[in-house]
Amino acid sequence: MSDLRAPAPYDALLLLSFGGPEGPDDVVPFLANVTRGRGIPEERLKEVGKHYFLFGGVSPINAQNRALLDALRKDFADHGLDLPVYWGNRNWAPYLTDTLREMVADGHRRIAVLATSAYASYSGCRQYRENLAESLAVLEAEGLPVPRVDKLRHYFNHPGFVRPMVDGVLASLAELPEGARVGAHLAFTTHSIPVSAADTSGPEEAHGDGGAYVAEHLDVARMIVDAVREETGVTYPWQLVYQSRSGAPHIPWLEPDICDHLEALHGAGVPAVVMAPIGFVSDHMEVLYDLDTEATAKAAELGLPVRRSATVGADPRFAGAVRELVLERAATELGRTVERCALGALGPSHDLCPVGCCPARALKPAAAGADSPFA
């Protein structure tokens, strides 16, 4: 698709992310936004926010998003793609509704949306679509034009997302003590979610044990293992594990936890581990604390050498993948036949989330789907 330059019918791209605090005074208000409606007292929020306070109350996610914005704008300019890029968050400034107001004021009416979540799940897809619907409803109530928003498909298996992670694992393996490298294990990590949410993730035909959420992560892990074998000649043992659980203890969440997994590997005599956070686009707090701090401390306690491989972040190859996704979707919207780039066994994801895809805990309108109130 390198010969395509016109993004029509789209006139802007929205980078849609989670958001994070940028100072100590932001932490509790930010967490109040994240947990709105759950009735969690301020003292509990302060306890939950201790991870942020360890880092001066600053989440790295906002700096990561600014770097990705720069990378996208540079890639678009370098390839002659005339498409402005905006940024809005669910839970902190710049807030999604404010960004959409700005985009409408700038004359944009057909917006492609890139969410900083690569996989299918309620919290990683439908909840973003619900946030979009809420913001569009606010614009409508204010008498402003309501733009058409189209969320770009899941990109977990796009080569521009996968290949940087392959290189990150290779670099981490090279950093391990030489004597431990051949026997090392790969621990592919992602955010734990409730088992019930995993089982109903993706379209209805994908529902079942682990749903699309687990299947997509397993597909990516296999691709990385295969690519590492091609580069090194070694097939490293691996497992998909989970981190960052935050739910009530009586509710089943995906397991095993990364720290429990490290203990099990150490007990089995494994000499070293590479932790590869394939479920995260950038090095935000779950990576910075749960892996770089907590899991690394557990490994040190065990005397187990570990390395943590890099997330994709603002890698130029990822920026190029986003450009390709925009142009692919633009061509599809115009009725053109276009090659949809995807690696692995699962193929390219759907453009339009079908009814029943990643169902909500409570029924809410969601934009950019077959059941959207905003056509």
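The values are calculated or read from the model by the stated rules, or taken from the named source; none is laboratory data. This is a predicted model, so every value here is computed, not measured. Here Cβ is always computed from backbone atoms with ideal geometry, including for glycine, and neighbour counts include all displayed protein chains. Heads up: the accessible areas ignore ligands, DNA and RNA and are worked out on the full protein's heavy atoms, side chains in. Shrake-Rupley method; radii C 1.70, N 1.55, O 1.52, S 1.80 Å.
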*Out of (1) under 22 Å from V312 (Cα atoms); (2) surrounded by fewer than 20 Cβ atoms within 10 Å (Cβ to Cβ), the odd one out for D106 is which?*
(1)
_Filtered residues of segment 135-145 (kept if in contact (Cβ under 8 Å) with a residue 60 or more places away in the chain and surrounded by fewer than 20 Cβ atoms within 10 Å (Cβ to Cβ))_ = A137
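So which residues in segment 215-243 are within 28 Å of P348 (Cβ to Cβ) and among the polar types (S, T, N, Q), if there are any at all? Before the answer, list the steps.
The initial filter retains those residues of segment 215-243 that are within 28 Å of P348 (Cβ to Cβ), namely 215-231, 235-236, 238-243.
Listed by number, the residues that qualify are T235, Q239, Q243.
Quick one: in segment 5-23, which of the residues that are open to solvent by 60 Å² or more (accessible area, probe 1.4 Å) and either at pLDDT 95 or above or touching a helix residue (DSSP H, G or I) at 6+ places or on another chain (Cβ under 6 Å) (or both) is nearest to R336 (Cα to Cα)? I'd like the intermediate steps shown before the answer.
To start, the set of residues in segment 5-23 that are open to solvent by 60 Å² or more (accessible area, probe 1.4 Å) comprises 5-6, 18, 22.
This time we only want the ones that are either at pLDDT 95 or above or touching a helix residue (DSSP H, G or I) at 6+ places or on another chain (Cβ under 6 Å) (or both), so: 18, 22.
Values: F18: 33, E22: 43 Å.
Within segment 5-23, the match that is nearest to R336 (Cα to Cα) is F18.
Would you check which residues across segment 169-179 are open to solvent by 10 Å² or more (accessible area, probe 1.4 Å) and touching a residue at least 24 places away in the same chain (Cβ under 8 Å) and list them? Full working, then the answer.
So the first thing to find is which residues in segment 169-179 are open to solvent by 10 Å² or more (accessible area, probe 1.4 Å), and the list is 170-171, 174-175, 177-179.
If the condition is that a residue be open to solvent by 10 Å² or more (accessible area, probe 1.4 Å) and touching a residue at least 24 places away in the same chain (Cβ under 8 Å), then L170, A171, E175, P177, G179 are the ones that fit.
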_Boolean, S172 is in a helix (DSSP H, G or I), touching a Ser or Thr at 6+ places or on another chain (Cβ under 7 Å) and closer than 22 Å to V113 by Cα_ = no
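Residue-by-condition table, conditions (1) more than 21 Å from the chain's Cα centre (by Cα); (2) in contact (Cβ under 8 Å) with a residue 40 or more places away in the chain; (3) farther than 17 Å from R126 by Cβ; (4) open to solvent by less than 10 Å² (accessible area, probe 1.4 Å):
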| residue | (1), (2), (3), (4) |
| --- | --- |
| F156 | no, yes, no, yes |
| T189 | no, yes, yes, yes |
| A197 | no, yes, no, no |
| S201 | no, yes, no, yes |
| E205 | yes, no, no, no |
| Y213 | no, yes, no, no |
*asked:* Here is a check on your reading of the model: is A120 among the hydrophobic types (A, V, I, L, M, F, W, C), outside any helix (DSSP H, G or I), open to solvent by 40 Å² or more (accessible area, probe 1.4 Å) and closer than 27 Å to A321 by Cα?
replied: no
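Tell me, yes or no, whether segment 19-34 has at least one residue that is free of Cβ contacts under 8 Å to residues at least 60 places away in the same chain and in a loop (DSSP other than H, G, I, E, B).
Of segment 19-34, the ones free of Cβ contacts under 8 Å to residues at least 60 places away in the same chain are 23-25, 27-29, 31-34.
Cutting the leftovers down to in a loop (DSSP other than H, G, I, E, B) gives us 23.
Checking segment 19-34: at least one residue is free of Cβ contacts under 8 Å to residues at least 60 places away in the same chain and in a loop (DSSP other than H, G, I, E, B).
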_Filtered residues of segment 220-269 (kept if small (G, A, S) and part of a helix (DSSP H, G or I))_ = A221, A227, A264, G267
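So, V214, is that one among the β-branched types (V, I, T) and closer than 19 Å to S309 by Cβ or not? Full working, then the answer.
Numbers: among the β-branched types (V, I, T): yes; closer than 19 Å to S309 by Cβ: no.
In short, no.
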_Quick test of your reading of the structure: K46 fulfils all but one of (1) surrounded by 13 or more Cβ atoms within 10 Å (Cβ to Cβ); (2) outside any strand (DSSP E or B); (3) modelled with pLDDT of 95 or more. Name the failing condition by number._
(3)
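Check segment 366-374 and report whether any residue there is among the hydrophobic types (A, V, I, L, M, F, W, C), crowded, with 19+ Cβ neighbours inside 10 Å and in contact with a Ser or Thr (Cβ under 7 Å, 6 or more places away or on another chain). So that I can check it myself, show each step before the final result.
We begin by selecting, within segment 366-374, every residue among the hydrophobic types (A, V, I, L, M, F, W, C); these are 366-368, 370, 374.
From what is left, the residues that are crowded, with 19+ Cβ neighbours inside 10 Å are 366-368.
Restricting the remaining residues to those that are in contact with a Ser or Thr (Cβ under 7 Å, 6 or more places away or on another chain) gives 366.
Yes, there is a match, as at least one residue in segment 366-374 is among the hydrophobic types (A, V, I, L, M, F, W, C), crowded, with 19+ Cβ neighbours inside 10 Å and in contact with a Ser or Thr (Cβ under 7 Å, 6 or more places away or on another chain).
I'd like to know if segment 290-313 contains one or more residues that are over 21 Å from Y52 (Cβ atoms), in a loop (DSSP other than H, G, I, E, B) and free of Cβ contacts under 8 Å to residues at least 60 places away in the same chain.
First, pick out the residues of segment 290-313 that are over 21 Å from Y52 (Cβ atoms): 299-307, 309-310, 312.
Keeping just the survivors that are in a loop (DSSP other than H, G, I, E, B) gives 303-305, 309-310, 312.
Subsequent filtering for residues that are free of Cβ contacts under 8 Å to residues at least 60 places away in the same chain retains 303-304.
For segment 290-313, residues over 21 Å from Y52 (Cβ atoms), in a loop (DSSP other than H, G, I, E, B) and free of Cβ contacts under 8 Å to residues at least 60 places away in the same chain: present.
Restricting to segment 329-354, name every residue that is of a type in the set (D, E) and more than 18 Å from the chain's Cα centre (by Cα).
Of all residues in segment 329-354, those of a type in the set (D, E) come to 333, 339, 351.
Within segment 329-354, E333, E339 meet the criteria.
To keep it simple, each residue is scored yes or no on (1) within 24 Å of E333 (Cα to Cα); (2) crowded, with 21+ Cβ neighbours inside 10 Å; (3) over 16 Å from the mean Cα position of the chain (by Cα); (4) of a type in the set (V, I, T).
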position	(1), (2), (3), (4)
S59	no, yes, no, no
Q64	no, yes, no, no
D82	yes, no, yes, no
Y86	yes, no, yes, no
A93	no, no, yes, no
A112	yes, yes, yes, no
_Take the residues in segment 287-305 that are of a type outside the set (S, T, Y) and within 22 Å of the chain's Cα centre (by Cα); name whichever of them is most open to solvent (accessible area, probe 1.4 Å)._
E294
*Which of the residues belonging to segment 248-295 are at pLDDT below 95 and more than 29 Å from V58 (Cα to Cα)?*
H250, I251
*Looking only at segment 329-351, which residues are touching an Asp or Glu at 6+ places or on another chain (Cβ under 8 Å), under 21 Å from R109 (Cβ atoms) and in contact (Cβ under 8 Å) with a residue 24 or more places away in the chain?*
R329, E333, D351
